[in-house]
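The values are calculated or read from the model by the stated rules, or taken from the named source; none is laboratory data. Predicted model only: the values in this text are computed from it and were never measured. Reconstructed Cβ throughout: ideal geometry from the backbone, glycine too, with neighbour counts over all protein chains shown.
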Amino acid sequence: MPFQMVGIGFGSSGIARLAGPILLAHVLPVFPAHAQETDVEAAQALDETGEPGLDIPPPPPEAQLPEVEPIIPEQEFEEAVPSLEVEDDPELDHPLESIEEFERRLAAEEADAKPTEGQAPPLGETALGDEDAVEEIGDAPVSDPELTRPLPPIEDFKVEAVEFAEDATDRETVEVAYKIRIEGLRDADRQTGTNMRDMFDDLSALHDGDGKAANMAMISARLEEDGELMRTILASEGWFDSTVTTRIDRADADNGQRLTAVLDVVPGKRFSLAEIAIDAEPTVPPDLIRSKLALQVGEPIIAERVQGAEAQVAVALPQEGYPFAEVGQRDLLLDRETGEGIYTLPIEIGPRSRFGGFETEGDLAFDAEHVGVLARFERGELYDSRKVDDLRKALIATSLLSTVAVEPKRSGEDAGDGTEYATIMVRQDAGPPRTIAGSAGYGTGEGFRLEGSWTHRNMFPPEGALIVHGIAGTSEQGAGVTFRRANAGKRDRTFEIAAEALHSTFDAYSAYTGRLAARISRDSTPIWQKRITYAYGVMALATAEKDYDFAKGERNRRTYYVAGLNGQLGFDRTDSLLDPTKGYRATLLVEPEGAINGGFNAYVRTRIDASGYMSVSDSFVAAGRIRLGSIQGAGRAEIAPSRRLYSGGGGSVRGFGYQKLGPQDPNGDPIGGRSLNEASAELRYRFGNFGVVGFVDVGQSYADTMPQFSDLRFGAGIGGRFYTNFGPIRVDVATPVDRRPGESRINVYVSIGQAF
């Protein structure tokens, strides 16, 4: 059946619209001519848009439709349609030619064609008959070389990013300004005695926003978060029924002011402790837990106090013999009608314990026996966690461990009196045993001085160190080796043997010295500063030194053989070993010696040092020191020049050269004395990692055996400090007061650590 050609398309509204003609099957069938009434009904079925209605019902079966003559008789139609039989047209049986052949044939036919008058010219010719004209493709002629050029490889094809024009207003950040108002906290502040607004501001999202937000939604989110924060703060202070409502006040914004984020607070009733219950086994003494729990009936339920009291119990129980005690989760039952709470704290106390043996595991630097040497407790003592902490510090102070852990371990061994032994388990991880260290300094009269050392701290376990050190300087050169055993059979006791060779060249003397010494000491370290220190030992040296011979009027080299004992006692009440800010310290040094130089000459060297420190403010420290020295029992000529007493220099009286103060030879060079007195005062100001120091030093050395306190020389100056984690680096510049001929106007001193 034939079909009518109808075009249908869809516009942006999704409603069907008429478009160009297409063949639409099974939509609008064309009825014969005798169905005119039906055609009228179909026309009436068109909707108001002119489109055919698709819901036209078919005619009933009994309807009598008129007969309509066909537009073209069937016989005439068949005669008009050409025959498709092969016999009628042999060309229909030929194979199809290829596309290339078709194009060549078409081009040849067009080339032979001649246009008649008024006919368009064939392809390849122009209407004007121009022989040079070429076919145009669009606006470009075929002869354009760009059209015949090969395309570049794909990897060489460059794509440029498309740049879009931006509206200048897009770059502007639109901000909404706001302020914060909290209402209803006055009564809560009065009861707590604190400013809860400060607590709120420390954690507030609104406060962190600095009064600015990108939009209203952000302000609302911050306000909601801060509402929860305020409820949490109130609950932490005992207000568990508080109400916090939030809103944004736009009243001021209408007048060009900022918006106001408002928190309306109604604290409600503050809860207090009505009962305190401890759920635990009996302890010794019976009130051990309750006495350590710093909470009282009737006080407000404040989270910080409750947590602090529980922490105090957790710390106290291991100090009183219960190393395995565990504080459980508290229970707090609140009565909202009375505003009271019942507090219950469960505790697993574990067995009461005494110190047992030692065990150690891991990458060991030393064994369990040496761990026992470091401990300040004996087997059978009641367990005390403070002594375990002390052992941990001692292990760290050995500098042999990279990591260490000390903790109790149940042994199950009965210790009597209802207790059991607790084994001390030490988990250690040995660190690198070798260390390279160095230091440098400069002083007027001394010149530059460099010291370096290589140490193997555990070459002879446990804690047996081998130290090789050297000195390279303007006035001193030397080397030495030392064996040192730390914690030698006893905690904090050090034993060492040293051998060294040294060459010294100073204005006072020049010397070639060999020295052997042994010493036992108890010294402070930056990690473990001790109140009382001591040292005692023996020393023997052989030294060839130049000394001024007044009889001959020249300096001659003499050889001295010296042997002696030495003892030192120190008392330290300062807050820092290298940079004290308060407290005091004192040291007494006594060295009985005998020198062989054409005879035996015995004498005693004595020196007293004392210093004090006071913090004037957080930034200022006032410091002072005194030193007194004396040599009794021998004349100056019988004492080796290197063993005499000198004054002047960076660690003595600044403003003067090294060893420049005191008796001198006719050439103005120092020859040393048998006594001295010195004093210094400093005002230290620190700002960050830097500091400035103003100082005045005074001192003198004398030929007599007792200090004379006469002819005192003063030096004054200023210094700079750079504070590091191992101590301050100092640079001091000083000048002599009442400078005499031959004395330097400026003296500079550079070293590590404070002057005293």
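The table below lists the values:
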{"read-out": "Condition check for L628: assigned to a strand (DSSP E or B) and under 26 Å from G564 (Cα atoms)", "value": "yes"}
{"read-out": "Matching residues in the range 461-476 - criterion: being among the hydroxyl-bearing types (S, T, Y) and in contact with a His (Cβ under 9 Å, 6 or more places away or on another chain)", "value": "none"}
{"read-out": "Answer from A602, A586, A622 - the residue that is within 22 Å of P707 (Cβ to Cβ), part of a strand (DSSP E or B), touching a Phe, Trp or Tyr at 6+ places or on another chain (Cβ under 9 Å) and of a type in the set (G, A, S)", "value": "A586"}
{"read-out": "Whichever residue in the range 605-619 is part of a strand (DSSP E or B) and not aliphatic (A, V, I, L, M) and, among such residues, is surrounded by the most Cβ atoms within 10 Å (Cβ to Cβ)", "value": "Y613"}
{"read-out": "Unmet criterion (only one of (1) in contact (Cβ under 8 Å) with a residue 24 or more places away in the chain; (2) surrounded by fewer than 19 Cβ atoms within 10 Å (Cβ to Cβ)) for G717", "value": "(2)"}
{"read-out": "Number of the exception - F358 against (1) modelled with pLDDT of 95 or more; (2) closer than 30 Å to R434 by Cα; (3) within 35 Å of the chain's Cα centre (by Cα)", "value": "(3)"}
{"read-out": "Lone qualifier among G209, G238, G227, G184 - being within 23 Å of L334 (Cβ to Cβ), free of Cβ contacts under 8 Å to residues at least 40 places away in the same chain and not assigned by TED's automatic domain parsing to the domain that holds G339", "value": "G227"}
{"read-out": "Residue within the range 331-352 that is polar (S, T, N, Q) and crowded, with 19+ Cβ neighbours inside 10 Å present", "value": "no"}
{"read-out": "Scan of the range 487-510 for residues that are buried (at least 18 other Cβ atoms within 10 Å of the Cβ), farther than 30 Å from P462 by Cβ and not small (G, A, S), ordered by number", "value": "L502, F506, D507, Y509"}
{"read-out": "Flag if D575 is in the same structural domain as S510 (by TED's automatic domain parsing), of a type in the set (D, E) and modelled with pLDDT of 90 or more", "value": "yes"}
{"read-out": "Selection from the range 605-636 of residues that are within 36 Å of the chain's Cα centre (by Cα) and among the aliphatic types (A, V, I, L, M)", "value": "M614, V616, V621, A622, A623"}
{"read-out": "Whichever residue in the range 661-702 is under 50 Å from the mean Cα position of the chain (by Cα) and part of a loop (DSSP other than H, G, I, E, B) and, among such residues, is farthest from G753 (Cα to Cα)", "value": "G688"}
{"read-out": "Residue match in the range 327-341 (condition: out of contact with any strand residue (DSSP E or B) (no Cβ under 9 Å at 6 or more places or on another chain), on the phi < 0 side of the Ramachandran plot and not polar (S, T, N, Q))", "value": "yes"}
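Conditions (1) touching a residue at least 60 places away in the same chain (Cβ under 8 Å); (2) surrounded by fewer than 17 Cβ atoms within 10 Å (Cβ to Cβ); (3) closer than 30 Å to V176 by Cβ, marked per residue:
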{"site": "V244", "(1), (2), (3)": "no, no, yes"}
{"site": "A251", "(1), (2), (3)": "no, yes, yes"}
{"site": "R258", "(1), (2), (3)": "yes, yes, yes"}
{"site": "A274", "(1), (2), (3)": "yes, no, no"}
